[in-house]
Amino acid sequence: MEIEKIIIEALKHFNQNKVLFLKIYLPSFLTLIAMVVGWYAFDIEVKINQKPLNFGYLALIIISALICLALFIKSTVHIHRAFILNEGSTIKALFKITKRDLYFFKKVILISLIMLFVTFIVNSSLNRHLNEIEGVFLTQVFVLIKALIIAYLGSRLALVLPAAALEHKLSFKKAWEISGDYSAKIFLGVGVLPIMTNLILSNLPSYTSLFYMFVVLLITIVITIIEIGILSLLYKDITDNNQY
């Protein structure tokens, strides 16, 4: 299936099941909102009292961030399964950790470590040429090229995530092998598209309004769900045509 059809299918699937998808992300979304409001309040307190945050505040921020991350990862498992299997979910299920979730967490940690290493290698290899480049535009192009190289490598390895959500034992080596013939559309759907949406979101106007922050967070979550859906449908398309 062509990448444009997969993107359209992901958008259509989200539109038909938007209540389910948003419900799946509700716990992590509310936690994120609470964190933003908390940080906003802490920032005001620091400015009023002109004192740094004490250890208790910092510990609370770290713990809440870890909880939000865990909820987000857990929700992502259900998003993958909803796109591929049309499987529903309940709020209660989002707080129940299974072996499948632990396996998915493991894959997330491993791919994060691999991509940190890849980013380090790419930056170390290419940054030596950065001083030879003159002009802001060419520098930005150079940085974009680095990001695209990293995105290409990461997009092919990312197939392990929907596989883990379905409890399929797919190694990183095998993910790289089976994605070879589909590398272009995987790169476009999982690598380039998120970079484009991140660029757009990062260039949105910045306001201190909590309502504005809420709207931006909601838009970000919707885009994230659709991007996860694209990865899920790419994995389904590849595995439907390959046995591993």
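We did not get these values from a lab; they are worked out from the coordinates using the rules stated. These numbers were taken from a predicted model, which means no experiment stands behind them. Because the Cβ atoms are built from the backbone with ideal geometry, glycine has one as well, and the counts that use them run over all protein chains shown.
Identify all residues within region 213-244 that are within 18 Å of Val108 (Cβ to Cβ) and not hydrophobic (A, V, I, L, M, F, W, C); write none if there are none.
Those that are within 18 Å of Val108 (Cβ to Cβ) and not hydrophobic (A, V, I, L, M, F, W, C): Thr224, Glu227, Gly229, Ser232, Tyr235.
Could you give every pair whose Cβ atoms fall below 8 Å, whose first residue belongs to region 182-208 and is touching a residue at least 60 places away in the same chain (Cβ under 8 Å), and whose second residue is surrounded by 12 or more Cβ atoms within 10 Å (Cβ to Cβ) and of a type in the set (Gly, Ala, Ser), counting only separations of at least 6 or pairs across chains?
Taking only residues 6 or more apart or on different chains, the pairs are Gly189/Ser155.
Within region 157-184, how many residues are of a type in the set (S, T, N, Q) and either crowded, with 19+ Cβ neighbours inside 10 Å or touching an Asp or Glu at 6+ places or on another chain (Cβ under 8 Å) (or both)?
From region 157-184, those of a type in the set (S, T, N, Q) are 171, 179, 183; that's our starting set.
When the remaining residues are screened for being either crowded, with 19+ Cβ neighbours inside 10 Å or touching an Asp or Glu at 6+ places or on another chain (Cβ under 8 Å) (or both), the result is 179.
Going through region 157-184 one residue at a time, the tally reaches 1.
If I ask for residues that are touching a Ser or Thr at 6+ places or on another chain (Cβ under 9 Å) and of a type in the set (A, V, I, L, M), which ones from region 129-157 would you list?
Leu130, Ile133, Ile150, Leu157
One residue is enough: does region 149-156 have a residue meeting the conditions closer than 24 Å to Ile121 by Cβ, surrounded by 12 or more Cβ atoms within 10 Å (Cβ to Cβ) and basic (Lys, Arg)?
Taking region 149-156 and keeping what is closer than 24 Å to Ile121 by Cβ, we get 149-156.
Of the ones still in play, those that are also surrounded by 12 or more Cβ atoms within 10 Å (Cβ to Cβ) are 149-156.
Within this subset, residues satisfying the condition of being basic (Lys, Arg) are 156.
Yes, that holds for at least one residue.
Please determine whether any residue of region 130-138 is loosely packed, with under 11 Cβ neighbours inside 10 Å, outside any helix (DSSP H, G or I) and free of Cβ contacts under 8 Å to residues at least 40 places away in the same chain.
Checked region 130-138: at least one residue is loosely packed, with under 11 Cβ neighbours inside 10 Å, outside any helix (DSSP H, G or I) and free of Cβ contacts under 8 Å to residues at least 40 places away in the same chain.
Among the residues of region 83-113, how many are more than 17 Å from Leu69 (Cβ to Cβ) and in contact with a Ser or Thr (Cβ under 7 Å, 6 or more places away or on another chain)?
So the answer is 2.
Restricting to region 59-115, name every residue that is in a loop (DSSP other than H, G, I, E, B), in contact (Cβ under 8 Å) with a residue 24 or more places away in the chain and either exposed (fewer than 11 other Cβ atoms within 10 Å of the Cβ) or within 13 Å of the chain's Cα centre (by Cα) (or both).
Of everything in region 59-115, just one residue is in a loop (DSSP other than H, G, I, E, B), in contact (Cβ under 8 Å) with a residue 24 or more places away in the chain and either exposed (fewer than 11 other Cβ atoms within 10 Å of the Cβ) or within 13 Å of the chain's Cα centre (by Cα) (or both), namely Ile91.
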